[in-house]
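Student: Here it is: the structure, laid out below.
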Amino acid sequence: RVMKNIIKGIIIFLLLPGAVFSIEWIPERTKTEAETELGWLVAPMPVNVEGIGFTVPIAGVFSNFYKTTDLLLVAPFIKGDIESKLLSIYKLPLYQDSLFFTFNYYELLTGFRNYDRGIDSEENDYYQTLEKTDSTTFRLQTQLWDQRFEFQLGYSYGKSDIQKIYDADGNYFSNIQSPERNWIDNIIGTQIDLTDNHFDPHQGFRLGLLHSSTNYGPELLSDYAVNDLNASFYFPFFKNDTLLFNYFQSQSVVTSSGTIDQTILGQKLGLGCDLENKQKLCETAENRRLQYWLERNKQGKASALGGLNRLRAYSYNRFFAKNSVNYTLEYRLNFSEKTTPINWIFLGGVKTVLQTAFFYESGGVSDDISKLNQNLRPSYGLGFRAIISSLIYRFDLAVGDDGFAPTIFINYPLSLGSLGS
């Protein structure tokens, strides 16, 4: 019912933009010249995947490289056990600064943790894969009425080849049946941004909807769609501070059922444990992997919690199920809004904001939507952010049930995929 009402509101927004923007409560849009200035960060980027290995690629980020276009490059620097290569051309203007094109390509050899399903999984309830993955994404994005309305279409495809599977104690197994999989993603999204500033809002309201559908190969895996809703409310405090409340909900729907027979799935996705020296440990990891894909084939997988964006005190994709929800309260204290040019060798641009943030998050996942809010996990902490030439550099420190976790990233948390980035 809520989703239907939101969709009706978007339709009204599209049909009557003049009436919508005439409402007095919508804050006046502000913009600084620094948002279009060239900025850069070039530095080694150490990466450690616990239990698998270490590498040091070099990363180059260039904001406003050509008009509104951002460029991101990641290339090997010091060879290690894992690898990463990435090229991203973001928001290349195609027509009058309102229609943009984005291209992403990456190659990875790295580890991914696959936790047990649900909110009750423990910190060590996972198996880990070492995968060689490549993916390509194309996206068209339009931003109208001074970036207050956004609409995008995306298409991506990729493939993955699992090299090894590890258990939580670091034991690995390589006799993997059906190690390869591929996928095609189709994405459609929209966002209404009625705030005073696109990059660093102090007041207003932002609503985003994102729909993605994934087609998997091989056929034994289910195809499913994911619908995400993200709403952010910004309230000004004192002269420069901001109180943010964010609500996020995600739901998955299986669109084409894969194999839900555990015996057949075991024949296709087994680890060949009879060929391994540590057979019992292998069988434990194999069973954990089969249960992961069996339940995912039955229920799908909504957007997970944990990592860079939501429930920052937990590992990436820590909690997942058919449904997920997250609530965040964040106080952003801007202790400097002085425009300052920066021209260091590895970092440059025009600094406009230095910010400290205090946040509290609460999130949950469940296959039964009626139980979605019954057992919520906490995450709280503080962060430091700097806005330099339209890039938001952030360093967050969070604490939760699994302990302490730092996050270093570009862009604010709580975004909805690529909407508004």
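Student: For a 23 Å ceiling on Cα separation, which of these pairs sit above it: K164/K278; K91/K351; K239/K351; K91/K301?
Tutor: K91/K301
Student: Once ligands and nucleic acids are excluded and a 1.4 Å probe is used, how much of E83 is accessible, expressed in Å² to the nearest 10?
Tutor: Counting only protein heavy atoms, the figure is 80 Å².
Student: Here is a further query. Counting only Cα, what are the radius of gyration and maximum Cα-Cα distance Dmax of the stretch 73-217, in Å?
Tutor: Rg then Dmax for the stretch 73-217, in Å: 19.5, 56.
Student: How much length is gained if the chain between Y155 and E219 is pulled fully straight, taking 0.36 nm per residue apart and subtracting their Cα-Cα distance, in nm to one decimal?
Tutor: That works out to 21.0 nm of additional length.
Student: With no solvent and one point per C-alpha, what does the Debye sum give as log10 I(q)/I(0) for the stretch 93-165 at q = 0.16, 0.25, 0.27, 0.28 Å⁻¹?
Tutor: Values, matching the q order: -0.75, -1.03, -1.12, -1.15.
Student: With only Lys, Arg, Asp and Glu charged, each at its Cβ (+1 for the first two, -1 for the last two), find how big the charge dipole of the chain is about the Cα centre; round to the nearest 20 debye.
Tutor: 580
Student: What ranking, highest mean first, results for peptides 314-322, 207-215 when packing means the other Cβ atoms within 10 Å averaged over each residue?
Tutor: 314-322, 207-215
Student: Keeping all protein chains in place and using 1.4 angstrom, which order do D261, D169, D200 fall into by accessible surface area, from largest down?
Tutor: D169, D261, D200
Student: Straight-line reach from K298: which aspartates and glutamates have Cα under 16 Å away, leaving out those fewer than 8 places along the same chain?
Tutor: Answer for K298, where 16 Å is the Cα cut-off: D116, E219, D223, D261, D367, D368, listed by chain and number.
Student: Rounded to the nearest 0.05, what FRET efficiency is calculated for L397 and D125 with R0 set to 30 Å and r the Cβ-Cβ distance?
Tutor: 0.75
Student: Here's a follow-up. When the dipole is taken about the Cα centre of the stretch 155-204, and only Lys, Arg (+1) and Asp, Glu (-1) are charged at their Cβ, what size is it in debye, to the nearest 20?
Tutor: Result for the stretch 155-204 is approximately 300 debye, rounded to the nearest 20.
Student: Further question: Would you list T263, T407 from the most to the least accessible area, probe 1.4 Å?
Tutor: Final ranking, largest accessible area leading: T263, T407.
Student: Tell me which of Q291, G217, T110 sits at the most positive position along the dipole axis of the chain, charges placed on C-beta atoms (Lys, Arg +1; Asp, Glu -1).
Tutor: Value computed over the given set: G217.
Student: Sorted from largest to smallest, which semi-axis lengths in Å does the alpha carbon gyration tensor of the chain give for its equivalent ellipsoid, taking the root of 5 times each eigenvalue?
Tutor: Working from the Cα gyration tensor, I get semi-axes of 37, 25, 21 Å.
Student: With charges set only on the Cβ (+1 for Lys and Arg, -1 for Asp and Glu), what does the dipole of the stretch 82-158 come to about its Cα centre, in debye to the nearest 20?
Tutor: Dipole about the Cα centre, nearest 20: 440 debye.
Student: Something else now. Kirkwood-based Rg over Rh for the stretch 191-246 (C-alpha set), two decimals?
Tutor: That ratio is 1.29, to two decimals.
Student: Same structure again: Please work out the average accessible area per residue across the chain, using the 1.4 Å probe convention, and give it in Å².
Tutor: Accessible surface, normalised per residue, equals 48 Å².
Student: Which of P46, V353, N375 sits farthest toward the positive end of the charge dipole of the chain, with +1 on the Cβ of Lys and Arg and -1 on the Cβ of Asp and Glu?
Tutor: Result: V353.
Student: For the chain, what is the relative contact order in percent, using Cα pairs closer than 8 Å and at least 6 residues apart in sequence?
Tutor: Answer for the chain is 12 percent.
Student: Now a separate question. Any idea what Rg and Dmax come out to for the stretch 203-280 if you just take the C-alpha atoms, in Å?
Tutor: That works out to 22.3, 67 Å for Rg and Dmax.
Student: Taking the chain as a Gaussian network, Cα atoms linked when under 10 Å apart, which of S98, S252, S379 shows the biggest mean-square fluctuation?
Tutor: Residue with maximal mean-square fluctuation among S98, S252, S379: S98.
Student: Further question: Show the residues, 5+ positions off or on another chain, whose built amide H is closer than 5 Å to the amide H of Q163.
Tutor: Distant-sequence amide H within range of Q163: L130, E131, K132.
Student: Something else: Given N317, I188, I78, which one lies farthest toward the positive end of the charge dipole of the chain, if we put +1 on the Cβ of every Lys and Arg and -1 on the Cβ of every Asp and Glu?
Tutor: I188
Student: Using the membrane-span-like helix rule (whole DSSP H runs, Cα extent along the own axis of at least 15 Å, mean Kyte-Doolittle hydropathy at least 0.5), which helices of the chain qualify?
Tutor: 2-15
Student: Same structure again: Could you check how many percent of all C-alpha pairs in the stretch 271-357 are farther apart than 19 Å?
Tutor: 67
The values are calculated or read from the model by the stated rules, or taken from the named source; none is laboratory data. Everything quoted here is computed from the prediction, not taken from an experiment. With ideal geometry, Cβ positions are generated from the backbone for all residues, glycine too; neighbour counts draw on all protein chains shown. Quick note on the areas: whole protein, heavy atoms, side chains included, nothing else; ligands and nucleic acids left out. Shrake-Rupley method; radii C 1.70, N 1.55, O 1.52, S 1.80 Å.
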